[in-house]
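A.B. asks: Starting off with a structure, shown below.
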Amino acid sequence: MYNISFILEYFKQLRKKISNRVFYERELHLQFLSEKATVILGPRRSGKSSLLQDFFKKNLNTTLYADLEHSAFETITHQDFFEIISLYESNFSLKVKTVLLDEIQNIKKWERLVRSLIDSGYQVVITGSSSKLISKEAATQMRGRCLTFLLLPLSFREYLKFKGITLETNISISAKTKILNELNTFIEWGGYPEVVISWEQREKILKEYFDSILYRDFIDYFNVSQPVIARFLFEYIFQNFSCELSLNKAANFVASRIGRKTKNIVYDYGEKLRETLSIFFLEKCTKGRYERKSSMRKVYICDVGLSNLLTFSKDTGKRMENTVYLELLRKTNAIPMLSVYYWKDRQQREVDFVVKERDKVVQLIQTTYATNKEEIHPREIRSLLKASNEFSSENLLVLTWDYEGSKEKDGKVIKFLPLWKWLIEEKNPFKK
């Protein structure tokens with residue numbers, strides 16, 4: 001049985017705190033569709049709670065917000081929640097229209113609660129730090145009654161706004177220099193909101209996040225029986241982001257550390273790690289589904305700042321590539337039929353990103369740490385041209401550090417664009 005006075009005190013303190021808090025606006029805004037729940041997924045500490053609380057503050061007299069990780073809700077069940085809504089309405093003399101449920105995975109049979117709330121006419125928004133929320137089981141229970149969005153740590157556009165930097169239509173040389181300096185910081189320390197706001201404590205904050213993801217979202221959530229293996233695998237992946245990931249090689253790495261074979265466990269843990277939304281696997285673009293599923297995948301991490309805990313080297317090229325991947329993921333919120341792959345042929349020619357909308361390749365993207373034309377390696381161009389012929393795509397882009405221009409080769413035009421310009425662009429970038 002839940003403690004009524006404890007829950008009401010939670011709501012009282014929450015409303016007081018929210019009323020006095022200043023929120024930074026995010027690019028993702030809550031959207032509602034009749035008879036569907038809005039689902040906000042994302043890694044821990046990416047800003048999901050703040051997004052909901054900002055909406056709560058703006059709609060204080062028609063909204064109930066509950067952080068289901070708070071101890072006040074530790075013992076509640078999905079059956080209890082309608083009584084809690086009634087208590088909330090009576091105590092604060094209001095009528096609830098929208099219910100915001102933060103970290104919904106903490107309630108057993110949460111799907112039943114959400115369906116019941118929707119059927120009762122409430123607008124419902126739920127968040128989670130686990131992609132279990134969109135697993136086959138959850139999708140079956142919700143019967144297609146979800147509208148799902150992904151919230152990652154800050155984009156570069158959001159990062160600049162958090163830093164108080166306004167982007168002008170015509171950017172001067174001094175403004176460009178400042179933006180490049182900020183981009184250099186961004187790809188080193190990432191975009192976690194708290195890191196940007198509490199800059200002096202960034203290393204301590206990132207260490208806390210890393211441990212929370214590992215232990216709370218992975219080891220504890222999945223009842224992992226071999227935590228030492230889990231940690232070695234976790235660290236291995238974060239050290240090798242923006243690279244093809246061989247779980248067999250990862251298993252050998254872990255085995256060398258603990259002195260015994262771990263292949264089956266590593267394969268199992270590798271798949272479960274994806275559920276934390278802290279790492280993402282990118283499939284190879286192939287003609288056949290079987291070949292795609294059996295090929296090696298590339299791995300990216302939710303925030304490059306976390307990698308600083310494990311490596312002393314700054315590989316700017318890898319960090320640029322990871323940053324591009326995350327931005328492509330963000331664009332799927334506005335372009336839901338967008339999908340992203342990488343491409344590699346038998347001659348080891350590789351294109352970082354093959355961007356498809358439905359079944360059509362709409363853009364091929366390379367990333368390179370080049371500041372002028374001469375620094376762009378010929379293999380980047382050869383790979384783009386080869387992939388262009390294979391996918392019949394004419395929209396070819398090379399993202400550089402600070403070189404802009406174009407080049408015609410074999411009857412095709414290749415566009416070169418500085419990464420910072422591409423990152424601050426808000427319109428659909430896949431139209432040639």
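A.B. asks: Order these peptides, 165-171, 20-26, 414-420, by their mean beta-carbon neighbour count within 10 angstrom, highest first.
C.D. replies: Top of the packing list down: 414-420, 20-26, 165-171.
A.B. asks: Another question, if that's okay. On a full-extension model of 0.36 nm per residue, what is the gain between ARG143 and SER116, subtracting their alpha-carbon distance, rounded to one decimal in nm?
C.D. replies: Roughly 8.5 nm would be gained on extension.
A.B. asks: How large is the Rg to Rh ratio of the stretch 52-112 when both quantities use alpha carbon positions and Rh follows Kirkwood?
C.D. replies: 0.95
A.B. asks: For SER90 and THR185, what is the calculated FRET efficiency with R₀ set at 45 Å and r taken between the beta-carbons, to the nearest 0.05?
C.D. replies: Approximately 0.35, to the nearest 0.05.
A.B. asks: Would you kindly derive the ³J(HN,Hα) couplings of the stretch 12-25 from the backbone phi angles with the Karplus curve 6.51 cos²θ - 1.76 cosθ + 1.60 (θ = phi - 60°), listing them in order in whole Hz, with x for Gly and Pro?
C.D. replies: Whole-Hz 3J(HN,Hα) from phi for the stretch 12-25: 4, 5, 4, 4, 5, 5, 5, 4, 9, 8, 9, 10, 8, 6.
A.B. asks: Same structure again: For the stretch 332-424, what does the alpha-carbon gyration tensor say about shape, rounded, prolate or oblate, given a ≥ b ≥ c as the root eigenvalues, a/c under 1.5 as rounded, and a/b over b/c as prolate?
C.D. replies: oblate
A.B. asks: Shifting gears a bit: Go through LYS16/LYS95; LYS293/LYS360; LYS36/LYS95; LYS48/LYS161; LYS263/LYS318 and tell me which ones have a Cα-Cα distance over 25 Å in this structure.
C.D. replies: LYS263/LYS318
A.B. asks: If you take every residue apart from GLU168 with its C-beta less than 12 Å away from the C-beta of GLU168, what net charge results, scoring Lys and Arg +1 and Asp and Glu -1?
C.D. replies: +2
A.B. asks: Next question, about the same structure. Step through the residues of the stretch 367-381 one at a time and calculate ³J(HN,Hα) from phi using the Karplus curve (6.51 cos²θ - 1.76 cosθ + 1.60, θ = phi - 60°), rounding each to whole Hz and writing x for Gly and Pro.
C.D. replies: Working through the residues one at a time gives 10, 8, 7, 10, 9, 8, 4, 5, 7, 7, 6, x, 5, 4, 6 Hz.
A.B. asks: Another question about this same structure. Using amide H atoms built in the peptide plane, which far-off residues or other-chain residues are under 5 Å from VAL124 H to H?
C.D. replies: Those qualifying (amide H under 5 Å, at least 5 residues apart or on another chain) are THR38, VAL99.
A.B. asks: Something else: Could you give the length gained by full extension between ASP402 and LEU30, i.e. 0.36 nm per residue of separation minus their alpha carbon distance, to one decimal place?
C.D. replies: The ASP402-LEU30 span can extend by a further 130.4 nm.
A.B. asks: From zero outward in steps of 10 Å, how is the percent of C-alpha pairs of the chain spread across the bins?
C.D. replies: 4, 19, 28, 26, 16, 6, 1, 0
A.B. asks: Continuing with this model, one more query. Quick one: what does P(r) look like for the stretch 4-150 with 5 Å bins over all Cα pairs, in whole %?
C.D. replies: Each 5 Å bin holds this share of Cα pairs: 2, 9, 20, 24, 23, 14, 6, 1, 0.
A.B. asks: In sequence order, what are the phi-derived ³J(HN,Hα) couplings for the stretch 213-229 according to the Karplus relation 6.51 cos²θ - 1.76 cosθ + 1.60 with θ = phi - 60°, rounded to whole Hz, with x for glycine and proline?
C.D. replies: Per residue, the Karplus-derived 3J(HN,Hα) values read 5, 5, 7, 7, 8, 10, 5, 6, 4, 9, 6, 4, 8, 10, x, 5, 4 Hz.
A.B. asks: With the Cα gyration tensor of the stretch 123-277 in hand, give its eigenvalues times 5 under a square root as the equivalent ellipsoid semi-axes, listed largest first in whole angstrom.
C.D. replies: The equivalent ellipsoid of the stretch 123-277 has semi-axes of 34, 24, 14 Å.
A.B. asks: Please work out the Cα center distance from the stretch 213-282 to the stretch 83-125, rounded to the nearest Å.
C.D. replies: 36 Å
A.B. asks: From the helices alone, meaning DSSP H stretches of at least four residues, give me the mean residue ellipticity at 222 nm for the chain, per-run term -39500 (n - 2.57), in deg cm²/dmol to the nearest 500.
C.D. replies: -12000 deg cm²/dmol
A.B. asks: If you don't mind, another one. Run the numbers for ASN264 and SER339: contour at 0.36 nm per residue of separation, minus the present Cα-Cα distance, in nm.
C.D. replies: 24.0 nm
A.B. asks: Compare the peptides 28-35, 118-125, 291-298 by average per-residue count of other Cβ atoms within 10 angstrom and give them in order, highest first.
C.D. replies: 118-125, 291-298, 28-35
A.B. asks: Also, quick follow-up: Scan around LEU245 for amide H atoms under 5 Å from its own, H built in the peptide plane at 1.01 Å from N, and keep only partners 5 or more places away or cross-chain.
C.D. replies: Placed amide hydrogens put ARG297, LYS298, VAL299 under 5 Å from LEU245.
FYI, it's all coordinate maths here, none of it is from the lab. Everything quoted here is computed from the prediction, not taken from an experiment. Neighbour counts are summed over all protein chains in view; Cβ atoms, including those assigned to glycine, are modelled from backbone coordinates with ideal geometry.
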